Amino acid sequence: ALLHTDWPNPDKLNDLTKFTVEALVYAGEFNKGGSADDWLINTVLGVAGKFLVRTWGQNENAQIDICFNGSLEQNLKNGTTLPVNKWSHIAVTFDNGEVILYLNGENKGELTLTNGFEKMTFQTGTWAEEPTWGSKRNFALGCSVDYRRCWCGTMREVRIWNKVLTASDIKASGHYYS
């Protein structure tokens, strides 16, 4: 399933130099068939060509991949795998180019962006395909611009914060349900 958004007050999610995204996800499968690139990538959320939370790989070997596009693509993909047929909480913080990936409340990797990615706008509204990666793209859950890279599973408790949650915030009892 795919969900595009239309925020009631989108200004709070424009030009963010600090943000946190998080979701409770249940990966049903990662092997969908098709060409190698298509079935290896499964998108959880983001804006294609700018910022994506996704997985790359098959079944129990699917790695979490956080992708940022500035002047060039830069990824936080360090071998952290996402279990299949189990609920997992993914959180990503962005603080002026400093990125941290959390899985089930544990820090799983950090990255300092050097590709010119400085701020994020979670665009909303009517989806319009545009021919270049530099064009405006909208925030979506469950896919990127390529519909073959859809999420095969379930998600809930998807949140976007216009601040950086601390490790203590993310690990706090009751912050997410497992």
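Which of the residues that make up the stretch 62-73 are more than 20 Å from A140 (Cα to Cα) and either free of Cβ contacts under 8 Å to residues at least 24 places away in the same chain or buried (at least 19 other Cβ atoms within 10 Å of the Cβ) (or both)? Within the stretch 62-73, A62, Q63 qualify. If only residues of the stretch 144-163 that are part of a loop (DSSP other than H, G, I, E, B) and modelled with pLDDT of 80 or more are counted, the one that is surrounded by the most Cβ atoms within 10 Å (Cβ to Cβ) is W151.
Any residue at all in the stretch 15-23 that is open to solvent by 20 Å² or more (accessible area, probe 1.4 Å) and either of a type in the set (S, T, N, Q) or at pLDDT below 90 (or both)? Talk me through it step by step, then tell me what you get.
First pass over the stretch 15-23, keeping only residues open to solvent by 20 Å² or more (accessible area, probe 1.4 Å): 15, 17-18.
Filter once more, keeping what is either of a type in the set (S, T, N, Q) or at pLDDT below 90 (or both): 15, 17.
Checking the stretch 15-23: at least one residue is open to solvent by 20 Å² or more (accessible area, probe 1.4 Å) and either of a type in the set (S, T, N, Q) or at pLDDT below 90 (or both).
How many residues does the stretch 99-118 contain that are charged (D, E, K, R) and in contact with a strand residue (DSSP E or B) (Cβ under 6 Å, 6 or more places away or on another chain)? Quick ask: steps written out before the conclusion?
The initial filter retains those residues of the stretch 99-118 that are charged (D, E, K, R), namely 106, 108, 110, 118.
From what's left, in contact with a strand residue (DSSP E or B) (Cβ under 6 Å, 6 or more places away or on another chain): 108, 110.
Counting residues in the stretch 99-118 that are charged (D, E, K, R) and in contact with a strand residue (DSSP E or B) (Cβ under 6 Å, 6 or more places away or on another chain) gives 2.
Applying a threshold of 6 Å to beta carbon distances and a minimum spacing of six or more residues, or different chains, the list of pairs starting in the stretch 82-111 at a residue that is closer than 15 Å to R54 by Cα and ending at one that is among the aromatic types (F, W, Y) and modelled with pLDDT of 95 or more reads A91/Y102.
Within the stretch 30-53, take every residue that is open to solvent by 20 Å² or more (accessible area, probe 1.4 Å) and modelled with pLDDT of 75 or more and give me the one that is farthest from V92 (Cα to Cα). Checking each candidate, the answer is L40.
Touching a strand residue (DSSP E or B) at 6+ places or on another chain (Cβ under 9 Å), modelled with pLDDT of 90 or more and closer than 28 Å to P8 by Cβ, is that true of D95?
Values: touching a strand residue (DSSP E or B) at 6+ places or on another chain (Cβ under 9 Å): yes; modelled with pLDDT of 90 or more: yes; closer than 28 Å to P8 by Cβ: yes.
Considered against the rule, which asks whether it is touching a strand residue (DSSP E or B) at 6+ places or on another chain (Cβ under 9 Å), modelled with pLDDT of 90 or more and closer than 28 Å to P8 by Cβ, D95 comes out as yes.
Would the stretch 81-92 turn up any residue that is over 18 Å from A140 (Cα atoms), in a loop (DSSP other than H, G, I, E, B), among the hydroxyl-bearing types (S, T, Y) and open to solvent by 20 Å² or more (accessible area, probe 1.4 Å)? Checked the stretch 81-92: no residue is over 18 Å from A140 (Cα atoms), in a loop (DSSP other than H, G, I, E, B), among the hydroxyl-bearing types (S, T, Y) and open to solvent by 20 Å² or more (accessible area, probe 1.4 Å). The set of residues from the stretch 93-123 being over 14 Å from the mean Cα position of the chain (by Cα), open to solvent by 20 Å² or more (accessible area, probe 1.4 Å) and under 24 Å from A27 (Cα atoms) comprises N104, E106, N107, K108, E110. Can you pull out every residue in the stretch 164-177 that is open to solvent by 50 Å² or more (accessible area, probe 1.4 Å) and closer than 20 Å to L141 by Cα? Result: Y177, single match.
The values are calculated or read from the model by the stated rules, or taken from the named source; none is laboratory data. No experiment lies behind these values; they were computed from the predicted model shown. Every residue, glycine as well, gets a Cβ built from its backbone with ideal geometry; the counts of neighbours run over all protein chains shown. Just so you know, the surface numbers come from the protein's heavy atoms only, side chains and all, with ligands and any DNA or RNA stripped out. Shrake-Rupley method; radii C 1.70, N 1.55, O 1.52, S 1.80 Å.
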